[in-house]
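Where a number appears in this text, it was derived from the coordinates with a stated rule and is not lab data. If you're wondering where the values come from, they're calculated on a predicted model, not measured in any experiment. Because the Cβ atoms are built from the backbone with ideal geometry, glycine has one as well, and the counts that use them run over all protein chains shown.
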Amino acid sequence: DKPIIRIANACKYFGTLKALDNVSLEVSQGEKVVIIGPSGSGKSTLLRAINQLETIDSGELVVDGDNICDPDVNINAVRMELGMVFQSFNLFPHKSVLDNLTLAPRKLRKTPKAEAEAYAMKLLAKVGIEDKAGQYPAQLSGGQQQRVAIARALAMNPKIMLFDEPTSALDPEMIGEVLDVMVKLAKEGMTMVVVTHEMGFAKEVADRVVFMDHGQILEVGTPQHFFENP
Ligand code: ADP
Ligand code: ADP
């Protein structure tokens, strides 16, 4: 059973700072991996490397069978298999919620407009905001915007969803509504790599928890291992 993500001995420097220090991690299809660790430990860099927003300086990165470091691999095709959700929702501010969801499928997958819109409405219903389809991001609460961002990532039908501190910018009362959507996705079998400080989510959803510090993976284990040992 081949892993859907395989990172081997990845190193990433920013100048002399080693943001990733010999990181190795495999994620299997359907697995939920939660990455924890102090600020600046390299969690975001690791996610961004998986999604090609950063290139690693050495090591190996294989996503869905494609070796990213191979110059013949079509990076854009690989990227389409990955949905990413950021701390700051990163929606297109001048597009309606519906258009935020249909833009990439129409442009990159050439999905016909009606089909893209029908699927977008299904996804908006799934994240509980189908009544906001015609609104603009600024008219929505943070929790609603983040749910739109999740729906937008799902609109491309990714095989893997990456979450980089998806609730860290939210008012406390909105965290639950975003985590609920993530739990739902997890239960549907989505492969997920999640950087979060929400230990309740990690406990409930993670198959494995990865602890990073100073660019290194220091420990990998089950949530029980991390949260229930004395
Ligand atoms: P985390 O997500 O765990 O908070 P990051 O991956 O964001 O950590 O950052 C790891 C280290 O790399 C930090 O010291 C951060 O300041 C540094 N870093 C991240 N991105 C850049 C960049 N583009 N340029 C320079 N340093 C960076
Ligand atoms: P997030 O918290 O959403 O991961 P960050 O604020 O950590 O976002 O980083 C936002 C951007 O700034 C990223 O492109 C990251 O690579 C870059 N960055 C982070 N730390 C540094 C740094 N010390 N120097 C330069 N760029 C950085």
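The table for this structure:
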item	result
Cα Rg over Rh - the stretch 1-110, Kirkwood	1.00
The chain, relative contact order [Cα under 8 Å, separation at least 6], %	28
Calculated over the stretch 153-207: convex hull of Cα atoms, volume per residue (Å³)	84
Cα-derived Rg to Rh of the chain, Kirkwood definition	0.97
Point-charge dipole on Cβ atoms (K/R +1, D/E -1) for the chain, about Cα centre, debye to 20	740
Ratio of Rg to Rh over the stretch 95-185 (Cα coordinates, Kirkwood Rh, two decimals)	0.95
log10 of Debye I(q)/I(0), alpha-carbon scatterers only, for the stretch 59-136 at 0.12, 0.13, 0.21 Å⁻¹	-0.46, -0.53, -1.00
Rg(Cα)/(2.2 N^0.38 Å) for the stretch 129-170, N = residue count	1.22
Listed residue (Ile150, Asn74, Val194) projecting farthest to the positive dipole end of the stretch 73-224, Cβ model	Asn74
Cα centroid separation - the stretch 160-203 against the stretch 102-124, whole Å	24
Cα-based helix-to-principal-axis angle, 142-154 vs the chain, degrees rounded to 10	80
